[in-house]
Amino acid sequence: MKIYINGKFYEKENAKISVFDHGLLYGDGVFEGIRSYNRRVFKLKEHIDRLFESSQSIMLKVILTKEQLIKAVLQTAKINKLDNAYIRLIVTRGEGDLGLDPYKCYKGATIIIIVDKIALYPERLYREGLSIVTVPTVRNLPEALNPQIKSLNYLNNILAKIEAINCGSDEAIMLDSLGYVAECTGDNIFVVKSGHFYTPPQCMGTLRGITRDSVLEIARKNKIPAHEHVITRHEVYISDECFLTGTAAEIIPVVKVDGRVIGRGKPGKLTLVLMKKFKQLTRKEGIKY
Ligand code: PXG
């Protein structure tokens, strides 16, 4: 496996950056999780745009231009000879001293790690559906650390994941500070009611997921009404179907929430149609390498 760091490729055991990098010391940096299918990087431009939005918001200078970053990702995918891959693009604040001040940092690292697969959930759960729970840890407040910023600081999500696992559950629903459904620890959430899709609006403390956008795009094309709307736990409990979306997870059905069986307790019809359409989309779109 060849890992890209600042324009050079290293074997895994030699791929190292400084312990003084604020990405490590403070989670000060941004990242993207990207996938490739059949030698095409899916929604690469969208991921790069979001990375730049995250870095703009935290005043982090990305050394490469968007075009150079796209090239670097494609080159990393090509050099590693993987047809299907999970690509982690990371930009750190760089080396500083043992103080918060980001203006003292230099040598920000641009890192691209690529692996042949990522299994967020066991394969069985794509057929059977997830059982998820609402957890006490509230999603970061947009006015504190906006979930739109895909930063290296994922403790908020990790705490929620710990709570879910401690309850014997596969995944957590995180609420926003008002008590509305925000998102899961690494996925966006959708419910289906009477043939309509609903997902929380991005302003309510959710990441604007690229898979979420793909689902909204598929819904539009297939004339499935889809709404970005606040969702309460009650609305999740009484939904006909529920599913999660994310680059790593792709689209995964949910069949139980806080002990309530959703629909018939099996992956829903529209969810299954959507999973098929999403698969088709991933096989035909993307930038070739
Ligand atoms: N919400 C959060 C908090 C995320 O971290 C999503 C939603 C879905 O966004 P995309 O753009 O991927 O549809 C994410 C993305 C991991 C992992 O290692 C997590 C994500 C992506 C890639 C890997 O758990 N989360």
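The values are calculated or read from the model by the stated rules, or taken from the named source; none is laboratory data. Just so you know, these numbers come straight off a predicted model, no measurement behind them. When we count neighbours, we look across all protein chains shown, and the Cβ atoms used for this are built from the backbone with ideal geometry, even at glycine.
Computed values, structure above
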read-out: Residues of segment 193-207 classified as closer than 17 Å to Phe278 by Cβ and surrounded by fewer than 22 Cβ atoms within 10 Å (Cβ to Cβ), total; value: 0
read-out: Strands (runs of 3 or more DSSP E) contained entirely in segment 214-270, each with at least 1 residues that are buried (at least 22 other Cβ atoms within 10 Å of the Cβ) and within 16 Å of the ligand (Cβ to nearest atom); value: 241-246, 250-257
read-out: Only one of Ile218, Ile238 that is at pLDDT 95 or above, among the aliphatic types (A, V, I, L, M) and closer than 16 Å to Gln280 by Cα; value: Ile218
read-out: Odd one out for Thr282, checked against (1) outside any helix (DSSP H, G or I); (2) crowded, with 19+ Cβ neighbours inside 10 Å; value: (1)
read-out: Members of segment 1-55 found to be crowded, with 22+ Cβ neighbours inside 10 Å and of a type in the set (Phe, Trp, Tyr), listed by number; value: Tyr4, Phe42
read-out: Filter result for Thr65 (crowded, with 21+ Cβ neighbours inside 10 Å, farther than 23 Å from Arg212 by Cα and polar (S, T, N, Q)); value: no
read-out: Selection within segment 163-180 - modelled with pLDDT of 95 or more, at negative phi and small (Gly, Ala, Ser); value: Ala164, Ser169, Ala172
read-out: Complete set of residues in segment 115-158 that are surrounded by 20 or more Cβ atoms within 10 Å (Cβ to Cβ), within 11 Å of the ligand (Cβ to nearest atom) and of a type in the set (Gly, Ala, Ser); value: Ser151
read-out: Cβ pairs under 7 Å, 6+ apart, first in segment 159-183 and within 15 Å of the ligand (Cβ to nearest atom), second modelled with pLDDT under 95 and of a type in the set (Gly, Ala, Ser); value: Asp176/Gly205; Ala182/Gly205
read-out: Residue tally, condition outside any loop (DSSP other than H, G, I, E, B) and closer than 23 Å to Glu250 by Cβ, over segment 157-177; value: 10
read-out: Elements of type strands (runs of 3 or more DSSP E) contained in segment 30-149, each with 2 or more residues being among the acidic types (Asp, Glu) and in contact with a helix residue (DSSP H, G or I) (Cβ under 8 Å, 6 or more places away or on another chain); value: none
